[in-house]
1. To the nearest 10 square angstrom, what accessible area does ILE55 show with a 1.4 Å probe?
2. Taking R0 as 25 Å, what FRET efficiency do you get between ALA132 and ILE55 from their Cβ-Cβ distance, rounded to the nearest 0.05?
3. Kindly report, to the nearest 10 Å², the accessible surface of LEU28 as traced by a 1.4 Å probe over protein heavy atoms only.
4. Which lysines have a Cα lying under 24 Å from the Cα of LYS166, excluding residues fewer than 8 positions away in the same chain?
5. Separation between the LEU154 and ALA117 pseudo-spin-labels, each 7 Å from Cα along Cα→Cβ, expressed in nm?
6. How would HIS143, HIS216 line up by accessible area, probe 1.4 Å, largest first?
7. By how many degrees, 0 to 90 and rounded to 10, does the Cα axis of helix 95-120 deviate from the longest principal axis of the chain?
8. Run the accessible area of region 1-135 with a 1.4 Å probe and give the carbon-and-sulfur part as a rounded percent.
Amino acid sequence: MNWPVNVYNYRIVAQYLDRFAEGLANTLTAAGTALVLSLVLGTVIAMVRLSPRNILARPLGAYVEFIRSTPLLVQIYLVYYGLPALLPFAKTWNDMYFGIAALVLNSAPYMSEIIRAGIGSVPRGQIEGAKAVGMTYRQRMRHIVLPQAFANTLPPLIGQTAVLIKDTSLLSIITVFEFTSAGILLNSERVRPNESFITIAAGYLAIYAVMLLLSHVVKRRLAGPAWNAGG
């Protein structure tokens, strides 16, 4: 009758709840900060690459292809060991800063491609209409194009955010104590892999469920009365 406890002993997990809470807080901090920064950087990259006369378009295109063709694990090591050599002030950073920087540099190109596709989905007539009433390029992007682009690309943005949260688990290789690290600590001290990795999986699943709920709320707000009328 004790087989459930033999498979997953919640009493052992309870002894490590404070470490899991600490790891979860660090995971959400790293993912949240990287999400905001990668959205900003991704938007800038998308707008520059859409500009036919910008001299930075080709170098940024090469950067996007480099990130998409190399593993995140390698990129984390490059940032961790290479950034202090390039930027002397980075020598004073703690490991979390390096982890966030690596996540931003990795996620921004994917965000830029999603946003670029969203910008392309905005009807050309609306852009021409904004030009007709005298809007500048910046005004058109701010008031017409970008709001619709983000609304049109919400599902893939949510998907990329989920990937970003899961990618924080790799920060343990540079000694960032995040959610996965807490499970690894449990397993190393108590040799209980089920309690370790089932708890990790359940935690990430809970985060993803919350994200789906938030995306549903955002969709309803963006859709307005049409969503509510449709059910």
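1. Approximately 150 Å² for this residue.
2. Taking R0 as 25 Å, the efficiency between ALA132 and ILE55 is 0.25.
3. Here the accessible area works out near 90 Å².
4. LYS219
5. Going by the 7 Å Cα→Cβ label model, 1.7 nm.
6. HIS143, HIS216
7. It is inclined by approximately 40 degrees.
8. Carbon and sulfur: 66 percent of the exposed surface of region 1-135.
The values are calculated or read from the model by the stated rules, or taken from the named source; none is laboratory data. Since this is a predicted model, take the numbers as computed values, not measurements. Every residue, glycine among them, receives a Cβ derived from its backbone with ideal geometry; neighbour counts consider all protein chains shown. Accessible surface areas use protein heavy atoms only, side chains included; no ligands, DNA or RNA. Shrake-Rupley method; radii C 1.70, N 1.55, O 1.52, S 1.80 Å.
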